[in-house]
Amino acid sequence: QHNPHWWGNRNTIVHLFEWKWSDIAQECESFLGPRGFAGVQVSPVNENIIAAGRPWWERYQPISYKLTTRSGNEEEFGDMVRRCNDVGVRIYVDVLLNHMSGDFDGVVVGTAGTEAEPREKSFPGVPYTAQDFHPTCEITDWNDRFQVQQCELVGLKDLDQSSDWVRSKLIEFLDHLIELGVAGFRVDAAKHMASEDLEYIYSSLSNLNIDHGFPHNSRPFIFQEVIDHGHETVSRDEYKDLGAVTEFRFSEEIGNAFRGNNALKWLQSWGTGWGFLPSGQALTFVDNHDNQRDAGAVLNYKSPKQYKMATAFHLAYPYGISRVMSSFAFDDHDTPPPQDAQERIVSPEFDEDGACVNGWICEHRWRQIYAMVGFKNAVRDTEVTGWWDNGDNQISFCRGNKGFLAINNNLYDLSQDLNTCLPEGTYCDVISGSLIDGSCTGKSVTVNEYGFGYIHIGSDDFDGVLALHVDARV
Ligand code: QV4
């Protein structure tokens, strides 16, 4: 179940973290469809506990499978899926199959008004009782398969996916979403579930809904969150044949390289050459909603110049199933999404350039990022050719004769003639500007009959990337 069911030449997913369904519907129509995004990963859709201060992570603590959360209700969800599918943007839901809510005392009320007693493993809204869960124990040794798969991840009540009842409830929940028109799922905490149980669940799911434009017999796309830094007892390899797997080493290594800890020239063998999963099994990202909050090598929106360079490389180099992160501003791990005094999530607002202003970061609306989504569409099905580097942190390469990317992460200028592999003509750099009414608002490059052009990226330029492609030819 590795096919994401993209429309036409599209091939980038964006994670609209914590967005409301009505805002996503609007975004599909006004921005994502027109800009050629292939799909959206949405936050968990089913009822969750209400945690004090409304941290984003409360949504990873389910109470029932009713589709009411701070992002909206079932009707709004269905409306979003239909409107996004209508403009060729697929919806993938972040689903929690591993666990229910954690150690909250007494009776709690969820976002759909359902009561539960998490500490007692009592979730009448499903219903689940204690017998549907593994016995309580703590994960202390992450290389102990039993602990990782049968104990409680941060105290979250651990469902027993080998039980017929649990399986039937999970399948019913996922089938309900398929009926509503989704194209697939991000499976949260997949590593904490036995792959045989997941195989049973995935293979029992309905085909995608033909009323939403999916061909007959389309299987839901599955991408599984398995954090494997290499050498883990529970490895990504146990899951990769069931569906795609998040390739966390991609995120760590790309961050490391663009932070300057590893010369960019080594990126020539990016992908399986670095020990990553085969391309069609790897869900790739510069950062995700978890590791963008951790200190370390991973880049996030707070280092914009490096982040844009890393994202340009991510989207220009043909490896993996690409996902772009779209964040809200945060100070610490618990910062909630932008919300009003009544704790309702607020809609993003945009300035005249289309950038988000009210606490939403919207990386996907940064020109340097959405332009690379367009680049990736324009060069689809071409190979990397004409790799060049300066032996250090300046690199360039072509995608067939359709696109060219150059990056300068050295502290001195890149100024020289390079092979762009493009047909003769003048091209706009889609990073520093765009092609508007037949002329370039940013840099332009004139390519001669041999495919060469003069490339300049100053070390103090606003962006350290230059990107040309055939759809932005003057
Ligand atoms: C606290 C203590 C625990 C204690 C527990 C019970 O920290 O030591 O056992 O109480 O008394 C929140 C709090 C966390 C709290 C927990 C339970 O942050 O402090 O535990 O709730 O009440 C998200 C957040 C977590 C959050 C969780 C549930 O990241 O902080 O925990 O949601 O709300 C591993 C896994 C991987 C996982 C990753 C974070 O292999 O699968 O850790 N990633 C996914 C999601 C992630 C999500 C979960 C899994 C859980 O991407 O966002 O965790 O659904 O690497």
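Counting only residues that are at pLDDT 95 or above and within 14 Å of the ligand (Cβ to nearest atom), which one in region 103-114 is farthest from P4 (Cα to Cα)? Among those that are at pLDDT 95 or above and within 14 Å of the ligand (Cβ to nearest atom), it is V108. When the test is whether a residue is within 13 Å of the ligand (Cβ to nearest atom) and over 25 Å from A51 (Cα atoms), W165 does not pass it. Within region 177-213, the set of residues being away from the ligand (no atom under 16 Å from the Cβ) and among the aliphatic types (A, V, I, L, M) comprises L177, I178, L180, V182, A183, I201, L205, L208, I210. Restricting region 115-127 to residues that are within 16 Å of the ligand (Cβ to nearest atom) and outside any loop (DSSP other than H, G, I, E, B), the residue that is surrounded by the fewest Cβ atoms within 10 Å (Cβ to Cβ) is E120. Filtered by the rule that a residue be out of contact with any Leu (no Cβ under 9 Å at 6 or more places or on another chain) and within 19 Å of E172 (Cα to Cα), region 92-121 gives Y92, D94, T114. Please find, within region 93-116, the residue that is farthest from V154 (Cα to Cα) out of those that are among the small types (G, A, S) and in contact with a helix residue (DSSP H, G or I) (Cβ under 7 Å, 6 or more places away or on another chain). Filtering region 93-116 for residues that are among the small types (G, A, S) and in contact with a helix residue (DSSP H, G or I) (Cβ under 7 Å, 6 or more places away or on another chain), the one farthest from V154 (Cα to Cα) comes out as S101. All conditions but one from (1) buried (at least 16 other Cβ atoms within 10 Å of the Cβ); (2) at negative phi apply to S415; the one that does not is (1). Per the listing D471, D461, the residue uniquely closer than 21 Å to K376 by Cβ, of a type in the set (D, E, K, R) and surrounded by fewer than 19 Cβ atoms within 10 Å (Cβ to Cβ) is D471. Please name all residue pairs, on different chains or six or more residues apart, with Cβ atoms under 8 Å, provided the first residue is in region 190-203 and is assigned to a loop (DSSP other than H, G, I, E, B) and the second residue is modelled with pLDDT of 95 or more and among the polar types (S, T, N, Q). Note: pairs meeting the criteria are M193/N98; M193/Q149; M193/Q161; A194/Q149; A194/Q161; A194/S162. The residues of region 274-296 that are within 16 Å of the ligand (Cβ to nearest atom), in contact (Cβ under 8 Å) with a residue 24 or more places away in the chain and more than 20 Å from Q41 (Cα to Cα) amount to a single one, G296. Do we find a residue being under 24 Å from V93 (Cβ atoms) and small (G, A, S) anywhere in region 207-221? Checking region 207-221: at least one residue is under 24 Å from V93 (Cβ atoms) and small (G, A, S).
Being polar (S, T, N, Q) and in contact with a strand residue (DSSP E or B) (Cβ under 8 Å, 6 or more places away or on another chain) is the filter here; which residues of region 342-371 pass it?
The one that is polar (S, T, N, Q) and in contact with a strand residue (DSSP E or B) (Cβ under 8 Å, 6 or more places away or on another chain): Q368.
Within region 378-412, the only residue that satisfies the criterion of being surrounded by fewer than 19 Cβ atoms within 10 Å (Cβ to Cβ), β-branched (V, I, T) and over 25 Å from the mean Cα position of the chain (by Cα) is T385.
Of all residues in region 17-25, none are of a type outside the set (A, V, I, L, M), surrounded by 22 or more Cβ atoms within 10 Å (Cβ to Cβ), within 16 Å of the ligand (Cβ to nearest atom) and under 26 Å from D197 (Cβ atoms). Quick check: anything in region 133-149 away from the ligand (no atom under 12 Å from the Cβ), part of a helix (DSSP H, G or I) and of a type in the set (D, E)? Scanning region 133-149 turns up no residue that is away from the ligand (no atom under 12 Å from the Cβ), part of a helix (DSSP H, G or I) and of a type in the set (D, E).
The values are calculated or read from the model by the stated rules, or taken from the named source; none is laboratory data. Everything quoted here is computed from the prediction, not taken from an experiment. For neighbour counting, all protein chains shown are included, and Cβ atoms are generated from backbone atoms with ideal geometry for every residue, glycine included.
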